[in-house]
1. For residues that are assigned to a loop (DSSP other than H, G, I, E, B) and open to solvent by 100 Å² or more (accessible area, probe 1.4 Å), scanning just region 46-77, find the one that is nearest to K36 (Cα to Cα).
2. In region 4-45, which residues are among the acidic types (D, E) and outside any helix (DSSP H, G or I)?
3. State the number of residues belonging to region 58-69 that are at pLDDT below 95 and aliphatic (A, V, I, L, M).
Amino acid sequence: MGLFGPKKDRELEAVINQIRVDLSNNYKDNAVENIKKLEKLLEERRSSGKLKDKDLASYEELLKGFQDDVKNFKRTY
């Protein structure tokens with residue numbers, strides 16, 4: 001725990017922020033790519049033990065929400 005709350009993983013937070021921006025601007029292709037990147041990073045963090053279980057669960061919940069947001073995405077071009 002940091003001085004002002006739980007310590008955040010800056011790399012994960014940057015990817016999450018980018019996914020939110022992509023989704024809000026309707027850049028679905030970019031969002032899908034960044035969701036895959038987030039999934040890979042979470043797997044790396046899980047296998048290395050760099051995140052606490054509670055934090056990992058929180059990030060995985062966000063990932064699931066993002067995946068649900070784009071699951072019916074189909075390209076129109």
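The values are calculated or read from the model by the stated rules, or taken from the named source; none is laboratory data. What you see is a predicted model; the values in this text were computed from it and never measured. Keep in mind that these areas ignore ligands, DNA and RNA; they rest on the heavy atoms of the full protein, side chains included. Shrake-Rupley method; radii C 1.70, N 1.55, O 1.52, S 1.80 Å.
1. Result: K71.
2. D9, the sole residue that qualifies.
3. The number of residues fulfilling the criteria is 0.
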